[in-house]
Amino acid sequence: MSIFGKIMSEIFGTSAAAAGSGATTSSGSSPTSPSPSSPPAQTIDVAPILDKAVAAQKQKLEWRTSIVDLMKALNIDSSLSARKELAKELGYTGDMNDSASMNVWLHRQVMAKLAENGGKVPENLRH
């Protein structure tokens, strides 16, 4: 399963991630343009799910601003190599050695992709 698929699975549940995510492929290869074939059956409010995940970690995690913290909250590998893999999945074309810029881009993309796939993302996080 792709890293974005894991994020989707943790937030939407396993079946929703498999059915609703145009951003993942069974082979783990990079998609060209994720676009669900039909509108999501239901909207999932992302913020309370991530807030609960952060509370379960018993550490201060800022998922609203940090892709690393978002991944940690969901118990997903947040190492640089994992984030580079996520960047490839989502089509990042910038310098992967500039991790600060890549991380900002990743957070924006993940929020946008969650919204595209039926996630209710807080307005201030939609870029």
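Any read-out appearing in this document is the output of simple, stated calculations on the displayed coordinates, not a laboratory observation. These numbers come from a predicted model, not from an experiment.
Below is a table of values for the structure above.
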read-out	value
Interchain or long-range residues, amide H under 5 Å from Lys120's placed H	Ile44, Asp45, Val46
Backbone HN-Hα couplings from phi across region 60-68 [Karplus 6.51/-1.76/1.60, Hz, Gly and Pro as x]	7, 10, 9, 4, 6, 10, 10, 5, 4
Under-5 Å amide H pairs with Gly13, H placed in peptide plane, nonlocal only	none
At 0.890 mPa s and 25 °C, Stokes diffusion of region 40-127 via Kirkwood alpha-carbon radius, µm² per second	183
